[in-house]
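Written out below as structure tokens is the structure these notes cover.
Here, each number is a calculation from the coordinates, and none is a lab measurement. Because the structure is predicted, anything quoted here is derived from the model rather than measured. With ideal geometry, Cβ positions are generated from the backbone for all residues, glycine too; neighbour counts draw on all protein chains shown.
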Amino acid sequence: MKSKLLSILSKSMIFLLALSLVLTGCSATTSNSSSGTKGKAGYTLDKNTPAWKLDKRKKTTTTLTWYVNADWWNTDFGHDFVTKQIKKDLNVNIKFITGDDTKLNALFSSGDIPDIISTFDSTSQVSKKANTWALPLQDLAAKYDPYFNKVASKETMNWHKLADGKTYGYTDFSNTQADYDSGSIPATTAFIIRKDVYEAIGKPAMRTQDEFESAMMKIKTQFPKLIPFYPGESTGDVLQDYLGVPIETKDGKFYDRNLDEDFLTWIKTINTVYKNGGISDDSFADDGTAFSEKVKAGKYASMLVSGLPQKGADLQSFMTANPGKEYIAVDGPQSTVGNEPTLNQSGITGWMVNFITKNCKDPAKAMQIFTYLLSDYGEKLTTFGIEGQTYKVNANGKIEYLPEVKKLRLENPEKYKKDYRMGEFFFFGHDKYTALSDDSTIEATKQPQAWGKGKLKPHFVLEGADPDQGTPEARALSAVTTNWGTTVVKMIRAKDDKQFNKLLADYKTFLAQNNWEKISEIRSEKMEINRKKLDME
């Protein structure tokens, strides 16, 4: 799920001011977590039993407020299959609040901080100052739920420790080296093409630049109503990973992948496809809704895409309505220098960061939620539902959706999401659970994800290597990132080689003017720190 949706950088100064107003709330002390100890939680702790099964102290439902720093989050709770079961098991009602960075900062400024907060950037000022407004998970586990230590990843907890040695936020989709080595993590990047189009143009190879250009021209000629290629995710890391562009130099320093010659020759090839009419200008302007509609209609003949699970519903809608025309993954562009694909997935940093705040009215219940969702039971519930009600375990030991659930998922994915919400409530989700079932992957994405097996390579060493927010180098990096985003699109749309080369030269000048050498030096230093944290030396 590796496109980072949100950043706190633009308002870091506001946030630093707001942090001083954070209330300390309800942090409480109690005895240690040894089995049989009765703490302030009001129930006897047992390190071998999750606290939600032990907590009988209240007959009334606890209501907690949970802020999610994303306007797109589904705020409904207690009506779909998944959250209805969570509500029943934990005797809890969750009131979700959503917003953006401005709203988050306003909450801190007012002191009206929710019980739980989820953001999307573990390197933001919010996360780095968490010790001033959140409760440490190690302490919460000791006081209220020692079973948390059985379900939380030690590597993830260690990775997110702050300078005081405590961990305040826990992320979803935090994959360790062991997770990658297990082969249970699915690839989510692929070059896909409509099956009917692929067959009609003779199933051509598209590995080399000449082959790719030729295939796009065939599509344009034989399918004039279609857009041969969608380039939206070919302008940066996705294409670079697909081509296997190195992530570091031979001596372990930061490598500027944007200026990699192999990558740039493919950008020039995509520019040629654009000049030949194989790419629509709308592709660079369409918002998420417009792109979604075109995928559902099969408007794009081919695409290089990442985040396959997030696009699954759209791909499934097209597949269901157009049997035999579904999108399939094939070997698309390949490195001109012999590099193999090094597709990325969620690393150890993860994605959504979840905190229990000092203002939490019931930290015991909040900790129970964390443990519950991280447990095998909670992970299976949020991914597959409950055995006998939504799935069964087949003769091969694989989880298999019941016929009525599978039918709804295939034929009406929107209603499936609304009624069941399996795979959507992912605060503590983990990729390894998808390996438990052939049904965990929607039908339309099974073949593309199978194509990616063996092509994943973690980029742990690069995680969190950017300059600290609020520093001059961070502001310079923001400017460089913005400049590159516009430059590479202009390069793809360049009218000729002269304009293409000038745009590239201007970008290199911009780098020199924005302290790129210092930014690269900082990244190299942080990469070395990462190696030590991960014992990679």
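Charges were assigned to the Cβ only: +1 to each Lys and Arg, -1 to each Asp and Glu. The resulting dipole of the range 193-256 about its Cα centre is roughly 400 debye.
Inter-part distance, the range 362-433 to the range 46-95, computed on C-alpha centroids, equals 15 Å. Amide H contacts under 5 Å for residue 96: 66, restricted to partners 5 or more places along the chain or on a different chain, H placed in the peptide plane at 1.01 Å from N. Normalised by the number of residues in the range 190-342, the mean separation of alpha-carbon contacts (under 8 Å, six or more apart) gives a relative contact order of 44 percent.
Placing +1 on each Lys and Arg Cβ and -1 on each Asp and Glu Cβ, with no other charges, gives the range 465-533 a dipole about its Cα centre of roughly 220 debye. Computed extension length for residue 535-residue 76: 161.0 nm, one decimal, from 0.36 nm per residue of separation with the Cα-Cα distance subtracted.
Gain on full extension, evaluated as 0.36 nm per residue between residue 497 and residue 84 minus their Cα-Cα distance, stands at 142.8 nm. For a straight C-alpha distance cut-off of 13 angstrom, the aspartates and glutamates reachable from residue 361 (same-chain residues fewer than eight places away being disregarded) are 112, 115.
Oblate is the label for the range 307-411. Its Cα gyration tensor axes, ordered a ≥ b ≥ c, give a/c of at least 1.5 and b/c at or above a/b. Counting charges near residue 82 (Lys, Arg +1; Asp, Glu -1) among other residues having Cβ under 9 Å from its Cβ returns a value of 0. Taking amide H atoms as placed 1.01 Å from N in the peptide plane, the amide H of residue 230 lies under 5 Å from those of 302, 303, 304, each 5 or more residues away in sequence or on another chain.
With a cut-off of 14 Å between beta carbons, the residues surrounding residue 504 carry a summed charge of 0, where Lys and Arg count +1 and Asp and Glu -1.
For the pair residue 486 and residue 386, the difference between a 0.36 nm per residue extended length and the Cα-Cα distance amounts to 31.3 nm. Computed from backbone phi, the HN-Hα couplings of the range 495-505 come to 6, 7, 5, 4, 5, 4, 5, 5, 4, 5, 5 Hz, rounded to whole numbers (Karplus: 6.51 cos²θ - 1.76 cosθ + 1.60, θ = phi - 60°; Gly and Pro given as x). With a cut-off of 12 Å between beta carbons, the residues surrounding residue 495 carry a summed charge of +3, where Lys and Arg count +1 and Asp and Glu -1.
Rounded to the nearest 20 debye, the dipole magnitude of the chain is 1340 debye, with +1 charges on Lys and Arg beta carbons, -1 on Asp and Glu beta carbons, and the Cα centre as origin.
Database remark: amide H of residue 359 closer than 5 angstrom to the amide H of 26 (H placed geometrically; neighbours at sequence offset of 5 or more, or on other chains; Pro and chain starts carry no H).
Summing -39500 (n - 2.57) over the DSSP H runs of n ≥ 4 in the chain and dividing by its residue number, what mean residue ellipticity at 222 nm do you reach, to the nearest 500 deg cm²/dmol?
On the way: 22 runs with 223 residues, N = 537.
My calculation for the chain gives -12000 deg cm²/dmol from helical runs alone.
Among 299, 418, a tally of other beta-carbon atoms within 10 Å of each Cβ gives an order, fewest to most, of 418, 299. Mean separation of Cα pairs under 8 Å and 6 or more residues apart, divided by the residue count, gives the range 183-233 a relative contact order of 23 percent. Projecting the Cα atoms of 138, 151, 184 onto the charge dipole of the range 119-187 (Cβ charges, centred on the Cα centre) puts 138 farthest toward the positive pole. Each of residue 377 and residue 95 was given a label point 7 Å from its Cα along the Cα-to-Cβ line. The distance between the two points is 2.8 nm. Counting lysine pairs in the range 465-533 that sit 8 or more residues apart in sequence, or on different chains, and whose Cα atoms lie under 22 Å apart gives 8. What is the distance in Å between the Cα centroid of the range 283-314 and that of the range 472-537? Here the two parts' Cα centres lie 27 Å apart.
Extending 7 Å from Cα along the Cβ direction at residue 210 and again at residue 282 yields two label points whose distance is 3.4 nm. Each residue of the range 102-112 was assigned a 3J(HN,Hα) from its phi angle through the Karplus expression (A = 6.51, B = -1.76, C = 1.60, θ = phi - 60°), giving 4, 5, 4, 5, 5, 5, 5, 5, 7, x, 8 Hz with x at Gly and Pro.
Ranked from highest to lowest mean number of other Cβ atoms within 10 Å per residue, what is the order of the peptides 117-123, 387-393, 156-162?
Working: 117-123: 22.6, 387-393: 14.7, 156-162: 18.1.
Listed from highest to lowest mean packing, they are 117-123, 156-162, 387-393.
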